[in-house]
Amino acid sequence: MPKRFREARLLKKIKLNDAAKILQVSQPTLSAWEIERKSPSFDKLERMANLYGVTTDYLLGRDPAFALEAAAPIPKQALPILHGKPVWVQEKGWALVNAADNFLLFANGDHLKFTEIDNLTLSAERFSEPAVPYEKPLSRADLLSHEKVWVEPISTEPSLRQELRGWYYLKGRFFENDSGNRFSPASYGAKWLAYENFTL
């Protein structure tokens, strides 16, 4: 698998010599990593991932389906579909999403209710999880004006979320996918969220 060291650096708009200084290596060493003549140590690989805002799997070419959106901003309305996932709160640090009880749990044990999140900047780390939409979900009022929506189930069970997510089409009083799975607009916001656009 081709490495993505150079690609990640360029997409973050960091010059080679600046990246080398921050990573505390020589410019020729970083250049050798980027053309795959040499490999960085695990420690340097982690530092590179942090600098470029990606995962180590991304740098090593292990997650081809996901782009450089490791720190993409997310609206608080999307938190219910991120149960069990880590989010970065710019003002407070890393937290885990607890969608079952509607709060963020921080490493020091602090809790922050979803309703208390107003001016905080949220972003999510993808790790090796399937991509999720990072745009604001459709409002209940806008939902029925769409014939086709991307559905993200709200569930604490990852396999169920993965099985039921996807494109759904308005069919009478329900949104239904090609497999016959249905969601009722009456359960919107409690059991599922919808998005106008989403690309895997």
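The values are calculated or read from the model by the stated rules, or taken from the named source; none is laboratory data. Note that this is a predicted model, so its numbers are computed, not measured. A quick note on method: Cβ atoms are made from the backbone with ideal geometry, for glycine too, and the neighbour counts reach across all protein chains shown.
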Strands (runs of 3 or more DSSP E) completely within segment 119-200 that count 1 or more residues being touching a Pro at 6+ places or on another chain (Cβ under 7 Å), within 19 Å of residue 98 (Cβ to Cβ) and modelled with pLDDT under 80
122-124
Every residue from segment 136-183 that is among the aliphatic types (A, V, I, L, M) and surrounded by 12 or more Cβ atoms within 10 Å (Cβ to Cβ):
138, 143, 144, 149, 151, 154, 164, 170
Restricting segment 139-159 to residues that are aliphatic (A, V, I, L, M) and within 18 Å of the chain's Cα centre (by Cα), which is farthest from residue 81 (Cα to Cα)?
151
What's the number of the only condition in (1) of a type outside the set (Asp, Glu); (2) farther than 21 Å from residue 87 by Cβ; (3) at pLDDT 80 or above that residue 109 fails to meet?
(2)
Has segment 77-95 got at least one residue that is of a type in the set (D, E, K, R) and modelled with pLDDT of 90 or more?
no
